[in-house]
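Q: Quick one: the structure is below, questions incoming.
Here, each number is a calculation from the coordinates, and none is a lab measurement. Bear in mind the structure is a predicted one, so any value in this text is a computation, not a measurement. FYI the Cβ positions are ideal-geometry reconstructions off the backbone, even for glycines, and counts take in every protein chain you see.
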Amino acid sequence: MITRPSEDDELEVETAKNKLRPLNQLLNEPETASMSLEQLLARCKLTHAEYERYLNKMNTRSTIILKRDPKDSWINGYNPHLLEAWNSNIDISFVLDAFGAANYLMKYISKKEGGLSEYLKTVIENAHKDSVNECDEMRAVMQAYSKKREISAQECVARACGLHMKQCSRAVIFIPTDDNPVKMSRPLSVLDNTTPESSNVWMTSLNDKYKARPETPEYEEMCMADFAATCRIVYGQQTKGKDVLPLLNEMGFVQRRKNDKPAIIRFHRCSQEKYPEQYYGRLLKLYLPHRSDHELKTPSLPTYQAFYGAGCVQLPGTDRLEYVQHIVKRNREKYEKNSEEIESAVEEYEQNRGVTDEWCNLAPESDLVRLPLVEQERERDNENEQEDVPDYSHFYQLPPVRQSKPLCVHDPSEIDLWREHFQMITLTEIMRQKDDVVFAEMLNRIRVKGKLDELCEADRNLLSQAITEPALCPTDALHIFATNKEVDAHNSATLGLLHTHIIDIHADDYRKDPRTGRMALQDRPFKGGKNELPDTLKVAEGARVMLTRNIDIQNGLVNGAFGKLLRVVYSENDQHIIKLGLKMDNETSGKNTRTPADDMVYIERAEENLKQKGVVRRQFPVKLAFACTIHKVQGMTTTSAVVSLKSIFEPGMAYVAVSRVTSLSGLYLLDMEEKKIFTNPEITAALENMRQANLDDMMPLLHVRQTLSRSEVFTIVHHNTEGLPAHINDIKNHHELCLADVLCLTETHLRGSFVAESLHLENYSLFKRNRHLSYTNFPQMANRSGGGVAVYVKSDIQVHEKQYIHNVTDLEFLALKVEAPVSALIAVVYRPPDYTLRPFLKNLS
């Protein structure tokens, strides 16, 4: 509990002390260690309410009273989870406000050191005897206090033996990346010898020395992060050492770090969302090689963010332009692996820490409160906004709701990645409506219909055949509407029409009790937002439902999965609904969690934070699914559906809605407005300008194998896997890799001598060489993860590995001698991005 100060008179405080004094005496008695708090209170003739009231009377400030057993009352405050991670003494002090935290820290860092008072007492006594006046006496005391301190026996031994109190295997370098960084002035002795007109008053920084790095190929291609990590500035006699080079403009001397131990780089981090210009400026300064800050922007791209997103540069020693973001990403991966994920997690923690129940964290007993850290989506203001799209593989279908433009439409302010990197393949075989060709051809025409175009007479007549009165539509068919408002109205009406025993499932909302700090169940649910778990679910056994959250992605229990509610499970004690039994439409959904007795999937309440601070909701993540929005059914195939085009508000919605059924006979149109059927003209224009792919060019091996006999061709394929264990299934299922007689792979990321059975290909022999075996003179490369080469050879090919080749070292390579059916020597060589070209070519030759 938390006791809070009150304006009680001294008499009440004294009464509280007298009442609690017997309890305090009992706690010191050994025989009371096994007693409970209730037994102790009974011995002292106190009720629990009186005990809490007297505690509140006694304390003059807000105080935490931890819940303990009497036997643990003299144990320091601790956290059981911290004890598992840190097996040492823990003494946690709970503070209730910012002043308490600051006060605790100041007291801790300014507390006196043990034994110092005795030493000062001796100094004062001697000073009083030896000094002539009070001024000399105070000076002696001051010098003793400022220049002496008591130390522990362990520190004394370490200092007497000349041992280091701390030691680090790597240097740590801070790199300033601000546009206006803090500067240090030159020493006063230097400034005294300069003229008043001189501007050379500042010390040179790491940034200045980097820009003045030597003009050699090795240093020219370095980014500032590489320079700070792999180089050091040398002075004095060290300037005469090996491999020391002068910096430009007489700024000193630089030398590559020895022992292959790069320094740890540190730098200021800022939020990409809050401070985008500082964020991208840091990336460019750290990871893009440059000699001047003017090289990090251009007149046409005047900001760091624009230059990062669309800029191209030609690096020293290369003859081609390369995107800035590709260079930055390549260099950044060496120093900030998983940095974005870590920063995102830290930022998420900082944003959500305000709702953490600190009482539960610090109290020695566990609590049932579990607050998730992920905030729910904000409530949408537009009534017509829809849920996220489960599938948008077709360009003419609907883009995600919060996306400002279709994926393939080019923005002039950005790089046209679609036109540059993608080619279009037109699939000609229709699968969904393959048994109704006339209907399929009509869908193809309305798919590209412009807003001002008119339907041809044949298409108008065909769609008119599907117009049906609402009363004549099958009630068990899925109803598809444009807006959530229409969907909710139909679901409620259909539930009342088909079911008599309707069940209300109220959400369990919990809110922190300010008196106890615990989460208390509220009498009634709060008013939640549209996208939050519902306040009350109206369902019935036998009703159509749909999941609204991802429960088990691997098991197919995902947002948008349909099923039927067959059973409602109540608790035995208070008839509280604890589970729902669902029969999923997809036979594979929830297969691993179905109960053998009834073949149903049972789901429990999900838990989420509401917008109200400190409120947690527990509710079943389902909704009625007699009807759905057009966005929600995209990607679905059904034999029959009732479709309303009345409230269409977006290009492509009408086409998506009517094309869900497999034939015209299964389509029931409640209304048809021709002007509601239209496509996005930007998509049509983008597709017309997109390059058409040539399948023969995309599948050359398949084409060659079809035109040549087996004896005339010997196929060797080289491929960078970026991790063989992660992509072995992709290799096994690739349409062309399986045609290779010899499949050469780089960046296999294999370790050790054992190769898992899953990495073997049927009818192939595997040869491999891991990275750590490839380097002799570059231990930093050998110890780095990744890399490695491997070769799969068809089992009927006679081949042997050449394991040792004279004078070949420091290369990731594999050499195979093929004896039959052809005679050939195959060598697979991989050069890591950070393996500079000069030593690589030297070892290769």
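Q: Can you tell me how much longer the chain between Asn259 and Ser665 gets when fully stretched, taken as 0.36 nm per residue apart minus their C-alpha distance, in nm with one decimal?
A: Numbers: separation 406, 0.36 × 406 = 146.16 nm, distance 7.73 nm.
Taking 0.36 nm per residue and subtracting the Cα distance, the gain is 138.4 nm.
Q: Then there's this: Counting other Cβ atoms within 10 Å, keep those with at most 13, restrict to DSSP loop, and tell me which trypsin sites (Lys or Arg not before Pro) in region 6-111 are left. Provide the component values of the computation, followed by the final result.
A: On the way: sites: Lys17, Lys19, Arg43, Lys45, Arg53, Lys57, Arg61, Lys67, Arg68, Lys71, Lys107, Lys111; in loops: Lys45, Arg61, Lys67, Arg68, Lys111.
Answer by residue number: Lys45, Arg61, Lys67, Lys111.
Q: Okay, next question. What residues have an amide H closer than 5 Å to that of Lys512, excluding those fewer than 5 places away on the same chain, when H is modeled at 1.01 Å from N in the peptide plane?
A: Ala520
Q: List residues of region 717-759, by number, whose backbone nitrogen lies under 16 Å from a label position 7 Å along Cα→C-beta of Ser765.
A: Counting backbone N atoms under 16 Å from the label point, the list is 741-744.
Q: So for the pair Val448, Arg567, with labels modelled 7 Å out along Cα→Cβ, what separation do we get in nm?
A: For Val448 paired with Arg567, the spin-label model returns 5.4 nm.
Q: Once the cut-off is 20 Å, how many percent of the Cα-Cα pairs in region 769-845 end up in the long-distance tail? Spell out each step's value before the answer.
A: Details: 1027 of 2926 pairs.
Roughly 35 percent, rounded to a whole number.
Q: Around Asn531, which amide H atoms from residues at least 5 apart in sequence, or from another chain, sit under 5 Å from its own amide H, with H modelled in the peptide plane?
A: Arg380
Q: Given the Cα-Cα distance of Asn783 and Ser300 and 0.36 nm per residue of separation, how much length would full extension add, in nm? Spell out each step's value before the answer.
A: On the way: separation 483, 0.36 × 483 = 173.88 nm, distance 4.34 nm.
The span from Asn783 to Ser300 would gain 169.5 nm if fully extended.
Q: Once the piece of chain linking Asp91 and Arg751 is laid out straight, how much longer is it, given 0.36 nm per residue of separation minus the C-alpha distance between them?
A: Numbers: separation 660, 0.36 × 660 = 237.60 nm, distance 4.42 nm.
Value of the extension gain: 233.2 nm.
Q: To continue, here is another question. What's the FRET efficiency of Ala458 with Ala685 using the Cβ-Cβ distance as r and R₀ = 22 Å, to the nearest 0.05? Can you show the working numbers first?
A: On the way: r = 27 Å, r/R0 = 1.21.
The computed FRET efficiency comes out at 0.25.
Q: Just the Cα atoms of region 275-342: what Rg and Dmax do they give in Å?
A: 11.9, 37
Q: Rounded, prolate or oblate: which fits region 172-266 when a ≥ b ≥ c are the square roots of the eigenvalues of the alpha-carbon gyration tensor, with rounded for a/c under 1.5 and prolate only if a/b beats b/c?
A: Values: a/c = 1.98, a/b = 1.50, b/c = 1.32.
Note, shape of region 172-266 comes out prolate.
Q: Ranking Lys211, Lys434 by Cβ neighbours within 10 Å, fewest first, what do you get?
A: By the 10 Å Cβ count, ascending: Lys434, Lys211.
Q: What are the residues whose amide H is under 5 Å from the amide H of Val234, where those residues sit 5 or more places off or on another chain and H is modelled from the backbone?
A: Phe253, Val254, Gln255
Q: Count charges around Arg567 for me, please; just the other residues with Cβ under 11 Å from its Cβ, Lys/Arg as +1, Asp/Glu as -1.
A: Values: positive: Lys564, Lys579, Lys583; negative: Glu541, Asp598.
Result for the neighbourhood of Arg567: +1.
Q: If we count every other residue with Cβ under 12 angstrom of Cys456's Cβ, Lys/Arg +1 and Asp/Glu -1, where does the sum land? All intermediate terms of the calculation are to be shown ahead of the outcome.
A: On the way: positive: Arg445, Lys449, Arg460; negative: Glu441, Asp453, Glu454, Glu457, Asp459, Glu674.
Charge balance near Cys456 sits at -3.
Q: Could you give me the ³J(HN,Hα) list for region 290-297, computed from phi with Karplus coefficients 6.51, -1.76, 1.60 and θ = phi - 60°, whole Hz, x at Gly and Pro?
A: Ordered by residue, 3J(HN,Hα) equals 7, 10, 8, 5, 5, 7, 9, 8 Hz.
Q: Using the Karplus curve 6.51 cos²θ - 1.76 cosθ + 1.60 with θ = phi - 60°, work out ³J(HN,Hα) for each residue of region 743-756 in order, rounded to whole Hz, and write x for Gly and Pro.
A: Calculated HN-Hα couplings, in order: 10, 9, 10, 10, 6, 7, 6, 7, 9, x, 8, 7, 10, 4 Hz.
Q: Filter Lys334/Lys842; Lys449/Lys538; Lys334/Lys613 down to the pairs with a C-alpha to C-alpha distance above 29 Å, please. It would help to have the intermediate numbers written out before the result.
A: Values: Lys334/Lys842 24 Å; Lys449/Lys538 41 Å; Lys334/Lys613 40 Å.
Going by Cα-Cα distance, Lys449/Lys538; Lys334/Lys613 fall outside the 29 Å limit.
Q: Which order, highest average first, do 293-306, 733-746 follow once you tally other Cβ atoms within 10 Å for each residue and take the mean per peptide? Don't skip to the answer; put the middle values down first.
A: Working: 293-306: 14.2, 733-746: 18.3.
Averaged packing, sorted descending, gives the order 733-746, 293-306.
Q: Enumerate the lysines that Lys209 could reach by cross-link, defined here as Cα to Cα under 21 Å, with residues fewer than 8 away along the same chain left out.
A: Lys183, Lys240, Lys242, Lys258, Lys261, Lys285, Lys297
Q: Rounded to the nearest 0.05, what FRET efficiency is calculated for Trp202 and Ile2 with R0 set to 41 Å and r the Cβ-Cβ distance?
A: Numbers: r = 54 Å, r/R0 = 1.31.
Efficiency at R0 = 41 Å is approximately 0.15.
Q: Based on the Cβ-Cβ distance of His421 and Val190, what FRET efficiency does E = 1/(1 + (r/R0)^6) give at R0 = 60 Å, to the nearest 0.05? It would help to have the intermediate numbers written out before the result.
A: Values: r = 56 Å, r/R0 = 0.93.
Approximately 0.60, to the nearest 0.05.
Q: In nm, give the distance between the simple-model label positions of Glu52 and Glu673, each being 7 Å from the Cα along the Cα-to-Cβ direction.
A: Reported label-point gap for Glu52 and Glu673 is 6.0 nm.
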